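The values are calculated or read from the model by the stated rules, or taken from the named source; none is laboratory data. Since the model is a prediction, treat every value here as computed from it, not as a measurement. Note: ideal-geometry Cβ built from the backbone for every residue, glycine included; neighbour counts use all protein chains shown. Surface accessibility is based on the protein's heavy atoms, side chains included, excluding ligands, DNA and RNA. Shrake-Rupley method; radii C 1.70, N 1.55, O 1.52, S 1.80 Å.
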Amino acid sequence: MFWGNPIPVVAALVRMDDDYVLARNAQWPEGMFSLITGFLEKGESPEDAVARETQEELGVRVSEVRFLGHFTLAQFNQLIIAYLVRASGEIHPSSEISEFKRLSSSELGAFDFGPLELTAQIVQVALQQANPSPSKVAPCAG
């Protein structure tokens with residue numbers, strides 16, 4: 001019997017100081033940048049997995065992991081569990097990463113992710129959580 005259960009994947013939007021870090025996988029075309037991603041290992045929590053992947057792929061120290069949301073990547077049958085990850089140190093990318101970019105909040109908000117629509121969606125969620133729009137308050141009836 002085949003159940004077709006989705007594969008859990010963690011994704012990290014990494015924040016270092018006031019910048020956000022995007023990375024290009026060594027197998028991707030020039031100019032295509034995204035979040036740090038990886039699969040959960042047996043017995044590992046998503047929070048531990050995203051911290052491990054960030055440390056392995058960027059060589060930085062993770063100090064905070066904050067849940068952003070979960071998203072479906074149907075074409076790969078994946079459940080993406082996304083986090084904002086605060087990290088520090090000097091970036092030393094693994095061989096899996098060919099290059100990285102550090103972007104300000106405004107640069108990240110304007111970044112063209114091309115076909116990576118889910119990455120753009122996760123980034124928008126993170127930026128909205130960081131800078132919530134003022135809520136509209138109805139006047140009190142008195």
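The table below lists the values:
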{"item": "Region 55-72: number of residues that are hydrophobic (A, V, I, L, M, F, W, C) and loosely packed, with under 15 Cβ neighbours inside 10 Å", "result": "1"}
{"item": "Residue that is more than 23 Å from Asn131 (Cβ to Cβ), of a type in the set (D, E, K, R), under 14 Å from the mean Cα position of the chain (by Cα) and surrounded by 13 or more Cβ atoms within 10 Å (Cβ to Cβ), where the choices are Arg52, Arg102", "result": "Arg52"}
{"item": "Selection within region 71-97 - in contact with a helix residue (DSSP H, G or I) (Cβ under 9 Å, 6 or more places away or on another chain) and farther than 20 Å from Asp18 by Cβ", "result": "Phe71, Thr72, Leu73, Ile80, Ile81, Ala82, His92, Pro93, Ser94, Glu96, Ile97"}
{"item": "Residue list for region 73-99, restricted to those being part of a strand (DSSP E or B) and either open to solvent by 90 Å² or more (accessible area, probe 1.4 Å) or hydroxyl-bearing (Ser, Thr, Tyr) (or both)", "result": "Tyr83, Ser88, Ser98"}
{"item": "Filter pass, Thr37 being under 13 Å from Val10 (Cβ atoms) and surrounded by 15 or more Cβ atoms within 10 Å (Cβ to Cβ)", "result": "yes"}
{"item": "Conditions (1) in contact with a His (Cβ under 8 Å, 6 or more places away or on another chain); (2) farther than 20 Å from Phe113 by Cα; number of the one not met by Ala82", "result": "(2)"}
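Table: residues versus (1) more than 16 Å from Ala126 (Cβ to Cβ); (2) at pLDDT 95 or above.
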{"residue": "Glu57", "(1), (2)": "yes, yes"}
{"residue": "Arg61", "(1), (2)": "yes, yes"}
{"residue": "Phe67", "(1), (2)": "no, yes"}
{"residue": "Phe76", "(1), (2)": "yes, no"}
{"residue": "Ile81", "(1), (2)": "no, yes"}
{"residue": "Leu84", "(1), (2)": "no, yes"}
{"residue": "Ser88", "(1), (2)": "yes, yes"}
{"residue": "Ser95", "(1), (2)": "yes, yes"}
{"residue": "Arg102", "(1), (2)": "no, yes"}
